Structures are given as structure tokens and as C-alpha cells.
Amino acid sequence: MIRRFLRYYKPVKKVFITDMICAFTVSLCDLFYPMITRNIINDYVPNQNFRLLITWLIILAIIYILKLGLNYFITYYGHVMGVTMQANMRKDVFEHLQDLPFVFFDENKTGTLTSRIINDLMEVSELAHHGPEDLFISIVMILGSFIMLGYINLPLAIIVFSVIPFIVIFAMKKRIKMSKAFMETRVTIGEVNANLENSISGIRVSKAFNNKDNEIDKFEKNNNAFQKARKKAYKVMAEFSSGTNFIIDVLNVVVLSAGGIFFFKGIINFGDFTAFLLYIGMFTTPIKRLVNFVEQYQSGITGFKRFTDIMDSKLEEDEPNATDITEVEGSIKFDNVTFSYNENTEILKNISFDIEKGTTVAFVGPSGGGKTTLCHLIPRFYEVEQGDIYIDNINIKNFTRSSLRKHIGIVQQDVFIFAGTIYENILCGKYGATKEEVIDAAKRANIHDFIIQMPEGYDTYVGERGVKLSGGQKQRISIARVFLKNPPILILDEATSALDNATEVLIQKSLDELSEGRTTIIVAHRLSTIKNADEIIVITNNGIEERGNHEELILYNGIYASLLNVNKNQ
């Protein structure tokens, strides 16, 4: 994991190296001060050497001015480096998410993923900047202090440094507990974010059903779990911090005791004793930095672990010999296809049928029969367990997913509208299309007249998830996307079931035009919309029960006829 983390330093290695050089120089500057003080007390003041006193005070002032510039660089460019690394990680994980299969998003909450991408990587950014810097400065300061203290008096330096092993042992013991505590905190804050996003997204439903108290209870449950986990993490941090501070306090006592004895016995003079105390002050600073580093490391590396969990999730992979499909006529064949979302629930079993190019086939039947699932298998949103699917008599596994999906248009019941303008939402059907093409698609979807009446026209902001649009308007935008895409295969999955009758009639005209000249698959509960389909396939939990056109299935007087009667009575 550390190796993977270090890879993100490569794009910013120049800034990183410069930052480390600056940090090293700052450490050297700090190491000069006690020695200059020692010389002033032992030599320049007693011997009234005014010239050397002024000279070294000027040198000290120059050192502090140099530190000012170096610290500015470390603080500013160090943080910029950390943010750049964070941005690169966020870019990598977002690109990775784009190539993950549907099943990944079925199993992971949006709020949890958002927490990993935003909150966790923020902690990683802080570790990326401060971690190496604190570790490097601490090592330089500790080694430098030991060399300087050894130069003054080696036995006293050894006595002082004998305390370090206790700090190391204590830190190692607490590290494991901190790791577990920080991981639990990460998990719970992810749950809080997921619950918060879900509640805010569904605020209109909550208000409609007066579920305020229930939503508050659900939030409080997750919030309390986070508070509990955070308390546990702070408890371990408190044990670690207070314990190391106690050892540092003991170190000060050791220095005063040993240094005092050495001074009284004449082994060191007053200037040496003063320098010793100053170096101990510098010596304790890197120890505290190391304490902070351990805390920061646990927080940051936990965030990075959650980042790598996403990055290690298996991507949608094309077969080794897969090629781009360029021309599609539109014939579709299912050959003994079996699929289930989990081991306990089999949705489709040994399903076989053929759809000729340019024809319209409708799938009807009770809920849970696998109609929508069947549609999701064609663009390979999910992988079949057994059997094969063919387009133009070629197994779809022989095509790259991106080129396959480029030739399939989908209009669903639940239309997702991105936060942005109407123009941007239509354009996502075919990025790179001209404005004229977008307007033409809108006209064919019968939404152009509505758009130009809006205050900002095509640049009108539709709100998050399109809250400023009606259901029919959202659906027309969805249809405009497919007109813009102009695919040879069209899937209409309950495209009008959420609309009122008047709106449905208007939308249906657009869908009829959209279907012309394309291979069209329709999933519908309202059977009035599929009477003109070339073939109707009735699918239930038992598989394909009936197939034929509207008139044939009525004469058969089976499941389809029963469903038709139910529709008429509704």
C-alpha cells in the first residue's frame, strides 16, 4: 500500500524534493541557535567581544529571515502539492468508478462513495504534505540535536536519548488501536453521509408523508454511531498523546537532573548547560511532530486504504479479442440465457428468442418476471451466467462495451436529469454534437417549443435531478437524448408508465417517431402502448409463456388476454 501511495508523488516530485530541501534547511537553521547562544554566554559576553556579538546577532537575524522565506514555501507549496496529489487520486477514483459494473453500485451507497472520495482523500492530502515533512524534519532534528549535544557532552547526551526507546515502544503499541479506531470512524461517517444524501434527495417524499420525525430518528441513529466511533478514536488519541507528553515531561526532568548534577560537579559550564536546555527544547519539538505524524498517518492511511478498496474493485473488462462494432443492422438473439442477481434468486432461466432487425418487440408480464433485467443484459450492464446474446449474429462479448452501448438507446421510466441546463442534459446523448443537432433532437422530441418559452431558453437551469421540470418534460428530454444519439437499437423500459394519460399520448407520438427504422424493445405495463408491436412476448417467473402479435394473443385467451382485461378495468 505504501508503494501505491508513493506513486502519487511522481507528478509533483520537483515540488516535493524542493519542499524537503527547504525543511532540511529550516532544521539546520534551528540547530544553529543554541550553539550561537552557548558561544555568546561562554565567550562573547564574559570577554566583552562586542564585535563578534554583533556579527553573530546579525547572522542570527539573517537566518531567521531565511527561515521566513523557507517556511512560506513549505506552507504554501507543500499544501499545493498535497492538493495536487488529492486531485490526482480523486481523478483516478472517479475514472475508475466510470468503468465499474452496475453490481458495484447496487452494493455501495452513493453517500458512502462520496465520503470516500471527498472526506477520506482530504485526510490523505494532509498526510501527503505533512507526513514526509514532519518525519524528515523530526529525524534531522533528533539526529542533529544528538550530534550537537554529543559535541557538548557525550555522556549527558546518551542519558537524554535513553528515553527515546520508551517513546517508540509506547507509540508502536498504540498504533494498532488507533488504526482500528480510525477505520471505524471512516465507516460511520460514510454511513452518515449516505443517510444524509438519501434523506435530502427524498425530502419531498418525507414532507408529503409527514415523516420528519422518522427521518430525524434514522439520522440520529447514524449520527450517534459516528459520535460513538469518534469518541473511541479520540480516547485512543488521548492515551497516545497524553502518554507521549508524559514521557517528554519525564525527559525534561531527566535533563534538568542530569544537567544540574553535571553543572554542579563542574563537568559542564553554564553556557553548555543553557545550550543543553535549548537543544532539549528543540529535541522535544520533533518528538511532538512524530506524535502528530503517527496520528496523521493513521488517519491518512486509513483514508487511502478505503481509496484503494475502490480502486481494487473489479472493472468491466472486455474480452481479449473484443473489437469495436461500427455498423449495426439491429437483429438480436437470446440463446438459452440464464441470469440471477444473487445465488438465491434466479431471474431468467434458459430464455431464447429472436428479434429481426427493424422490428418492434414488446415484453409484458407480471412484475419480477425479468423484463427490465433482460433489457439490461443487451448493453452488458450485467453479465449472463449461462447462454449467449447475439447482435447481427455476432456474440456481444466479441464487441467492446463502449462501442456496443454506442449503438443502443435507452428511454427509462425513471429519467435521470443532471444538475445543469436543458442544453447540457440533451447534449449528454451525444457529446460533440452541434447546437443545431441538439435543437433538431428537441424538435423531434416535441420539447423545443416549451424550451424557447423558458426565460433562458436552452440555457435554463433545471435544478438538481431536474426538480424544476415536470415528469413529461423530463421524459421528452430523455427522448431528445436518444434522437441525438440516433442508435439502431432502441430500448423503451416503462417509458410512459409514470405519466398521466394526456401526457402519455403526447409522449407516445414522440416514441413512435423515435422507433421508426430501428429495432425496438418495449417493456410496458400499459398494454395500449404496444398493440402495434410486431411481436409481443409474455414473460413470467416461469420464463416465456406466450408470444405472438396483439390479435393472436387475444385469440389465444391466455395470460396476455387476462392482463389486457385488467388494464381495461383500471
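Taking a ≥ b ≥ c as the square roots of the eigenvalues of the alpha-carbon gyration tensor, the range 283-355 is classed prolate because a/c is 1.5 or more and a/b outweighs b/c. Compute the Cα gyration tensor for the range 1-94, then decide on rounded, prolate or oblate, letting a ≥ b ≥ c be the square roots of its eigenvalues: rounded whenever a/c is under 1.5, prolate when a/b is larger than b/c in the other cases, and oblate in all that remain. It is prolate, given that a/c is not under 1.5 and a/b is the larger ratio.
At full extension, ASP388 and ASN321 could sit 22.5 nm farther apart than now, given 0.36 nm per residue minus the alpha carbon distance.
By per-residue mean of other Cβ atoms within 10 Å, what is the highest-first order of 479-489, 304-314?
479-489, 304-314
Evaluating kT/(6 pi eta Rh) at 10 °C and 1.306 mPa s, with the Kirkwood radius of the range 430-564 over Cα pairs in the Stokes-Einstein relation, gives 96 µm² s⁻¹. Shown for the range 58-101 is the translational diffusion coefficient from the Stokes-Einstein equation, using the Kirkwood radius over Cα pairs, a temperature of 20 °C and a viscosity of 1.002 mPa s: 165 µm²/s.
Between 0 and 90 degrees, the angle of helix 164-201 with respect to the longest Cα principal axis of the chain falls at about 30 degrees. Maximal additional length on extending the TYR556-ASN542 stretch stands at 3.2 nm, based on 0.36 nm per residue less the C-alpha distance.
Between MET1 and PHE418, the modelled labels are 3.4 nm apart [label points 7 Å from Cα along Cα→Cβ]. Based on the alpha-carbon gyration tensor of the range 311-453 and its eigenvalue square roots a ≥ b ≥ c, which shape applies: rounded if a/c is under 1.5, prolate if not and a/b is larger than b/c, or oblate? Prolate.
As a ratio to 2.2 N^0.38 Å, the alpha-carbon radius of gyration for the chain is 1.42. Accessible surface area normalised per residue over the chain is 52 Å², counting heavy atoms of protein chains with a 1.4 Å rolling probe.
Could you give me the percent of Cα pairs per 10 Å distance bin for the range 39-118, shortest bin first, beginning at zero and ending with the bin that holds the maximum distance? All Cα pairs considered, the percentages come to 14, 22, 15, 13, 11, 10, 9, 5, 0.
Note on LYS333: lysines with a C-alpha under 22 Å away, same-chain residues under 8 apart excluded, are LYS349, LYS357, LYS371, LYS397, LYS406. Between PHE246 and ASN42, the FRET efficiency estimated from the beta carbon spacing at R0 = 45 angstrom works out to 0.85.
Atom-type composition of the exposed protein surface of the chain places 57 percent of the accessible area on carbon and sulfur (1.4 angstrom probe).
The values are calculated or read from the model by the stated rules, or taken from the named source; none is laboratory data. The shown structure was predicted, so the numbers you read here are calculated from the model rather than taken from an experiment. Quick reminder, even Gly has a Cβ in these numbers, built from the backbone with ideal geometry, and neighbours come from all protein chains shown. Just so you know, the surface numbers come from the protein's heavy atoms only, side chains and all, with ligands and any DNA or RNA stripped out. Shrake-Rupley method; radii C 1.70, N 1.55, O 1.52, S 1.80 Å.
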